[in-house]
Amino acid sequence: MTEKKEFTITTETGRIDKVLSQLLPDYSRSQIQQWLKKDLVEINGQTSKGNHKVVADEKISVTIPDPVSLDLVPEDIPLDIVYEDDQVLVVNKPQGMVVHPSPGHPNGTLVNALLAHTPLSEINGVFRPGIVHRIDKDTSGLLMVAKTNEAHESLSEQLKAKSNLREYLALVHGNIEEDEGTIDAPIGRSKLDRMKQAIVPDGRPAVTHFEVVERFTDYTLIRCRLETGRTHQIRVHLAYINRPVAGDPTYGPRKTLPGKGQFLHAAVLGFKHPTTGENMRFEAPLPAIFEKTLQELRENN
């Protein structure tokens with residue numbers, strides 16, 4: 001059964017295919033371009049061309065065709081496994097890899113790679129087996145993965161109880177004068193721009209603690225510790241205090257430093273082992289592009 005989605009644009013945003021890829025993150029840009037060719041996208045009631053530039057107050061209507069059934073296929077994709085036993089696995093996800101399949105990303109995901117390596121828990125359904133928590137496609141770093149349903153339940157409870165450890169390294173624009181601080185601001189979907197998350201009064205509670213690691217002329221390297229885990233939490237919170245993550249295409253200035261995606265890395269992960277009760281702690285080094293950028297900033301400081 002086809003589905004119809006309608007949006008009203010509040011600001012001038014760019015090409016229609018790019019706008020829709022942000023409004024509909026579960027679909028790829030190539031899929032959206034196919035919809036445009038098939039006249040499934042209308043602007044103010046008229047069929048849209050693929051090169052249309054979206055402006056404020058335009059109404060977009062998209063007829064999403066019936067989904068093609070997805071087969072979750074194990075794929076022999078290299079994995080950087082930091083730890084593994086019969087219950088849990090900790091993996092260092094590279095920047096650019098999607099965590100689990102969706103209509104817009106049917107393959108090449110972390111889950112596809114994991115399934116070729118090991119059985120996973122079944123609690124999260126067909127397309128998110130083993131996935132207890134996620135990080136964004138263009139964020140690198142550590143993820144805990146459940147191999148059994150019992151492990152999945154334990155790790156999920158730890159997330160709810162805020163008893164696990166998740167620390168990120170973020171390179172942000174500008175200078176943060178305080179050595180440490182806490183951002184406590186609720187996050188929900190933006191009422192002005194449906195493509196984004198935002199600080200909204202009726203949003204879900206979100207708390208990020210940070211401390212400065214290193215200062216540069218125009219940037220600051222900070223360590224962030226998550227108390228909650230909202231969508232885009234660190235990125236939204238840092239943009240809220242006018243210190244957006246460098247390279248963030250959604251919440252900050254674009255293409256200010258070489259590289260693709262935001263300079264945000266899940267560097268430290270800690271949890272209690274589901275069966276032994278042992279406190280586990282893991283650390284992942286920064287990706288090469290992140291380390292190279294920091295070195296260049298030090299040289300130019």
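The values are calculated or read from the model by the stated rules, or taken from the named source; none is laboratory data. Treat the numbers as computed from the prediction; the structure is a model and nothing was measured. Heads up, the Cβs are rebuilt from the backbone with ideal geometry, glycines too, and the neighbour counts pull from every protein chain shown.
Here ILE131 meets the list (1) buried (at least 21 other Cβ atoms within 10 Å of the Cβ); (2) of a type outside the set (Ser, Thr, Tyr); (3) more than 15 Å from the chain's Cα centre (by Cα) almost entirely, failing just condition (3). Within the stretch 276-301, the set of residues being in contact (Cβ under 8 Å) with a residue 60 or more places away in the chain, surrounded by fewer than 14 Cβ atoms within 10 Å (Cβ to Cβ) and assigned to a loop (DSSP other than H, G, I, E, B) comprises just one member, ASN301. Here ASN300 fulfils each of the conditions (1) within 23 Å of THR217 (Cα to Cα); (2) modelled with pLDDT of 95 or more apart from (2).
Rundown of residues vs (1) in contact (Cβ under 8 Å) with a residue 12 or more places away in the chain; (2) assigned by TED's automatic domain parsing to the domain that holds GLU283; (3) in a loop (DSSP other than H, G, I, E, B); (4) touching a helix residue (DSSP H, G or I) at 6+ places or on another chain (Cβ under 7 Å), yes/no style:
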{"site": "GLY181", "(1), (2), (3), (4)": "yes, yes, no, no"}
{"site": "LEU192", "(1), (2), (3), (4)": "yes, yes, yes, no"}
{"site": "MET195", "(1), (2), (3), (4)": "yes, yes, yes, yes"}
{"site": "PRO201", "(1), (2), (3), (4)": "yes, yes, yes, no"}
{"site": "ARG223", "(1), (2), (3), (4)": "yes, yes, no, no"}
{"site": "PRO249", "(1), (2), (3), (4)": "yes, yes, yes, no"}
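Could you grab me the full set of residues in the stretch 82-133 that are outside any loop (DSSP other than H, G, I, E, B) and aliphatic (A, V, I, L, M)? Hits for the stretch 82-133 are VAL82, VAL88, LEU89, VAL90, VAL91, LEU110, VAL111, ALA113, LEU114, LEU115, ILE131. In the stretch 47-63, the residues that are assigned by TED's automatic domain parsing to the domain that holds LEU24 reach residues that are of a type in the set (S, T, N, Q) and at pLDDT 90 or above with C-beta atoms within less than 8 angstrom, at least six apart or across chains, in these pairs: GLU58/ASN44; LYS59/ASN44.
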